[in-house]
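The values are calculated or read from the model by the stated rules, or taken from the named source; none is laboratory data. Predicted model only: the values in this text are computed from it and were never measured. All Cβ positions, glycine included, derive from the backbone under ideal geometry; neighbour counts span all protein chains shown.
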Amino acid sequence: MSTHDRYDDEALRKILRQVRSIALVGASANPARPSWIVTKYLLERGYQVIPVNPGLAGSELLGRPVVARLADLTHPVDMVEIFRNSEAAGPLVDEALALDPLPRVIWMQLGVRNDAAAARAEARGVTVVMNRCPKIEYGRLSGEIGWTGVNSRILSAKRPKLAAKGFQKLTIEER
């Protein structure tokens, strides 16, 4: 995964299977914001998401306590997801690299790319994904959505697990 221009589906699937806890930096309390939507989606898929936002610290977001910064995490996380711009990603990667133990993955959202920060993280053995959304990748890899971001309605012989009444929720484990 060193070029960061393209990611192997199996490598992304492996990350999404192994990660259980995620510190989501740049979480928003506004349901119209992508970070709120992604937080909700990941929580619904069984991930433990810790919202990180200094303006919301001490409150709750989607039932999860919000911390001000990565240093305020009370337990280790598998992944740090960065919902900030590319320039802000550099110092945030450095904050993530100060955690003990280190997260296994640093994931930068769509439109976020900082190659120098990625190189620092990879030099420490941390896997880096840039300019991708875990919600989109999970949905795409599970068959829940296609690359266009909507349900592709592709017929399959695989029976989906119905997680709730009225809608279909596929899991990445089934493919």
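For the condition touching a residue at least 24 places away in the same chain (Cβ under 8 Å) and either surrounded by fewer than 15 Cβ atoms within 10 Å (Cβ to Cβ) or touching a strand residue (DSSP E or B) at 6+ places or on another chain (Cβ under 8 Å) (or both), Glu60 does not qualify. A single entry from Leu170, Leu141 fulfils the requirement of being modelled with pLDDT of 90 or more and in contact with a helix residue (DSSP H, G or I) (Cβ under 9 Å, 6 or more places away or on another chain): Leu141. With respect to (1) surrounded by fewer than 17 Cβ atoms within 10 Å (Cβ to Cβ); (2) farther than 17 Å from Met130 by Cβ, the lone exception for Val66 is condition (1). Scanning segment 33-42 turns up at least one residue that is surrounded by 15 or more Cβ atoms within 10 Å (Cβ to Cβ), under 11 Å from the mean Cα position of the chain (by Cα) and within 19 Å of Asp72 (Cβ to Cβ).
For segment 66-78, the criterion of being at pLDDT 95 or above and under 12 Å from the mean Cα position of the chain (by Cα) is met by at least one residue.
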